[in-house]
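Step one of this worksheet: look at the structure below.
The values are calculated or read from the model by the stated rules, or taken from the named source; none is laboratory data. Values in this document were obtained by computation on a predicted structure and should not be read as measured data. Note that each Cβ is placed from the backbone with ideal geometry, even for glycine, and that neighbours are counted across all protein chains shown. All accessible areas refer to the heavy atoms of the entire protein, side chains included, with ligands and DNA or RNA removed. Shrake-Rupley method; radii C 1.70, N 1.55, O 1.52, S 1.80 Å.
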Amino acid sequence: MIFSVLSVVASVFAVSCDEMQVETGITISNRQAVYKAGQETVSISASGEWALSLFYYGSQQGWATLSQTSGRGSKDVILEYEENGTSENRSLLVILTSHGTDYAVTFVQLNEEASGWVGAFPGWLELPSVAETDDCRFYTHDMTLGTGKVTRNYSFLWDRDNLVSHWVAYPLNKGLIGNGTRTDAWSYDPKVPREDQPRLDWAYDGGYDRGHQLPSADRLTRAANQQTFYFTNMTPQIGRRFNQGIWANLESKVRSVALACDTLYVVTGCIVEGSNGVAYDNDGRAVTVPVAYYKALLRYSSSSAAGISGYSAAAFYLEHRGYSSTNVSEDMMMSIDELEEITGLDFFANLPGKIGDAQADRIEAEDPRDVSFWLN
């Protein structure tokens, strides 16, 4: 069975006399996961009847389940897996059987020690390189679109010492924004232990706004919008002359870019190194006030001749202070390379794997003003 499965990983055409031909195959949204419990989307392309099964390698059995094990036609199925509390990585095959032929994809779950690595994880274009430590952990939230499709909402690197996310990364376009209204559903993040979060049912003590890193207006579908109000998505921001002014204007302009392209990949982050500022949560716990905020933007337009392989990029870096103007202008732009020099991060770490190192380097080095990145 296994030799048969491993030999038929590539997609082929399956023919049905009463249905159109569909290229048969199976993919998974993320083929490698950290040790924490979670779920991935298994996408099936098939004509007619099919069946799904799991084959576990090694002695660990039964640690994952499928939301559906049989069906007809193309379908998305959820693979749900338990926390890996062992000292070893573990893996399985998700096997699609259609028209008497097996197709397979491998899924690996790391143990806790192996999860504290440096690298882009998973393979989403918006992610910077991820550096987990004892105090900083990577998390991601899924959402369900109006079509019923489950996809990622946003990912973040949470710092339980400073009680802020160093960055929040997310894709943005018209479909992901969706429709709805602001929920104001302030709450703890269910994926992060409560003792590692501030309580922010109301504003920080010290006069700071609860500033979103993923803006509420970027996710209007109700459940997705509620997730933007998790306390882990907040940082203490100066109110009228920053969060409600120039920063809100920048967020609006970022949405305008996203609405004019296929997808805009966004990293919003804050700088806490060198900060002496402190705000207090609703329980009197100290939260570090960032000294600066930034946005790294990677735009993709399949129909555009601009950019390189359809991609272009821009970055913004704003000191966290009061601004007399709300104007966001082109002279505030910089290249991704320049922002990387300031922050020490590697943005869009999965881009080279998509288009090659040379083209990715060109995109990150280019001056965004030279490629008409910004929409006036």
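Taking segment 157-200 as the search range and keeping residues that are of a type in the set (S, T, N, Q) and part of a loop (DSSP other than H, G, I, E, B), which one is least open to solvent (accessible area, probe 1.4 Å)? Can you show your working first?
Going residue by residue through segment 157-200, those that are of a type in the set (S, T, N, Q) are 162, 165, 173, 179, 181, 183, 187, 197.
Then drop every residue that is not part of a loop (DSSP other than H, G, I, E, B), which leaves 162, 173, 179, 181, 183, 197.
Details: Asn162: 35, Asn173: 31, Asn179: 139, Thr181: 106, Thr183: 32, Gln197: 3 Å².
The qualifying residue least open to solvent (accessible area, probe 1.4 Å) is Gln197.
When only residues in segment 253-290 that are under 17 Å from the mean Cα position of the chain (by Cα) and of a type in the set (S, T, N, Q) count, which is surrounded by the most Cβ atoms within 10 Å (Cβ to Cβ)? Steps first, please.
Applying the first criterion (under 17 Å from the mean Cα position of the chain (by Cα)) to segment 253-290 yields 254-255, 258, 262-270.
Among the residues that remain, those that are also of a type in the set (S, T, N, Q) are: 263, 268.
Details: Thr263: 19, Thr268: 29.
Once the filter is applied, the top-ranked residue is Thr268.
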Q: Give segment 134-150 a look and list any residue that's β-branched (Val, Ile, Thr) and in contact with a strand residue (DSSP E or B) (Cβ under 6 Å, 6 or more places away or on another chain), or say none.
A: Thr140, Thr144, Val150
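Among Tyr311, Tyr293, Tyr323, which is touching a strand residue (DSSP E or B) at 6+ places or on another chain (Cβ under 6 Å), crowded, with 16+ Cβ neighbours inside 10 Å, among the hydroxyl-bearing types (Ser, Thr, Tyr) and within 24 Å of His212 (Cα to Cα)? I'd like the intermediate steps shown before the answer.
Working: Tyr311 fails: within 24 Å of His212 (Cα to Cα); Tyr323 fails: touching a strand residue (DSSP E or B) at 6+ places or on another chain (Cβ under 6 Å).
Exactly one of Tyr311, Tyr293, Tyr323 is touching a strand residue (DSSP E or B) at 6+ places or on another chain (Cβ under 6 Å), crowded, with 16+ Cβ neighbours inside 10 Å, among the hydroxyl-bearing types (Ser, Thr, Tyr) and within 24 Å of His212 (Cα to Cα), namely Tyr293.
Any residue that is outside any strand (DSSP E or B), in contact (Cβ under 8 Å) with a residue 40 or more places away in the chain, within 22 Å of the chain's Cα centre (by Cα) and surrounded by 13 or more Cβ atoms within 10 Å (Cβ to Cβ) - is there at least one of those in segment 356-370? Before the answer, list the steps.
Just the residues of segment 356-370 that are outside any strand (DSSP E or B), to begin with: 356-370.
Next, from what is left, pick out any that are in contact (Cβ under 8 Å) with a residue 40 or more places away in the chain: 359, 362-364, 366, 368.
If we keep only those that are within 22 Å of the chain's Cα centre (by Cα) as well, we get 363-364.
Those left that are additionally surrounded by 13 or more Cβ atoms within 10 Å (Cβ to Cβ): 363-364.
Among the residues of segment 356-370, at least one is outside any strand (DSSP E or B), in contact (Cβ under 8 Å) with a residue 40 or more places away in the chain, within 22 Å of the chain's Cα centre (by Cα) and surrounded by 13 or more Cβ atoms within 10 Å (Cβ to Cβ), which makes the answer yes.
Go through segment 97-107 residue by residue and tally those that are in a strand (DSSP E or B) and farther than 11 Å from Phe55 by Cα.
Taking segment 97-107 as the starting set, the residues that turn out to be in a strand (DSSP E or B) are 97-98, 101-107.
Remaining after also requiring farther than 11 Å from Phe55 by Cα: 97-98, 101-103.
Total satisfying the criteria: 5.
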Q | Some residue of segment 114-132 being open to solvent by 20 Å² or more (accessible area, probe 1.4 Å) and of a type in the set (Ser, Thr, Tyr) | A | yes
Q) Given the structure, is Ser303 open to solvent by 80 Å² or more (accessible area, probe 1.4 Å), on the phi > 0 side of the Ramachandran plot and at pLDDT below 90? A) no
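Hey, among Ser74, Ser91, which residue is at pLDDT 90 or above, out of contact with any helix residue (DSSP H, G or I) (no Cβ under 6 Å at 6 or more places or on another chain) and of a type in the set (S, T, N, Q)?
Details: Ser91 fails: at pLDDT 90 or above.
Going through Ser74, Ser91 in turn, just one is at pLDDT 90 or above, out of contact with any helix residue (DSSP H, G or I) (no Cβ under 6 Å at 6 or more places or on another chain) and of a type in the set (S, T, N, Q): Ser74.
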Q.
Need the failing condition index for Asp331 against (1) open to solvent by less than 30 Å² (accessible area, probe 1.4 Å); (2) more than 23 Å from the chain's Cα centre (by Cα); (3) among the acidic types (Asp, Glu), just the number.
A. (1)
Q. What are the residues in segment 85-101 that are under 19 Å from Arg31 (Cα atoms), in contact with a strand residue (DSSP E or B) (Cβ under 8 Å, 6 or more places away or on another chain) and open to solvent by 60 Å² or more (accessible area, probe 1.4 Å), if any?
A. Asn89
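From the residues in segment 217-228 that are open to solvent by less than 10 Å² (accessible area, probe 1.4 Å) and polar (S, T, N, Q), which one is farthest from Ala279 (Cα to Cα)? Quick ask: steps written out before the conclusion?
Here is the first cut: in segment 217-228, the residues open to solvent by less than 10 Å² (accessible area, probe 1.4 Å) are 218-219, 224-225, 228.
Cutting the leftovers down to polar (S, T, N, Q) gives us 225, 228.
Numbers: Asn225: 25, Thr228: 20 Å.
The extreme case among them is Asn225.
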Q: Tell me which of these Phe316 doesn't satisfy, since it passes every other one: (1) in contact with a helix residue (DSSP H, G or I) (Cβ under 9 Å, 6 or more places away or on another chain); (2) under 30 Å from Gln197 (Cβ atoms); (3) open to solvent by 10 Å² or more (accessible area, probe 1.4 Å).
A: (3)
Q: Please verify whether segment 113-131 includes one or more residues that are of a type in the set (Ser, Thr, Tyr), outside any loop (DSSP other than H, G, I, E, B) and within 30 Å of Asn225 (Cβ to Cβ).
A: yes
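Among the candidates Phe231, Phe138, which residue alone is closer than 19 Å to Ala286 by Cβ, open to solvent by less than 50 Å² (accessible area, probe 1.4 Å) and touching a Phe, Trp or Tyr at 6+ places or on another chain (Cβ under 8 Å)? Even if it seems obvious, please write down each step before you answer.
Working: Phe138 fails: closer than 19 Å to Ala286 by Cβ.
Result of the check over Phe231, Phe138: Phe231.
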Q: Please determine, by comparing only the residues of segment 205-215 that are modelled with pLDDT of 95 or more, of a type outside the set (Lys, Arg) and open to solvent by 10 Å² or more (accessible area, probe 1.4 Å), which one is farthest from Leu176 (Cα to Cα).
A: Tyr208
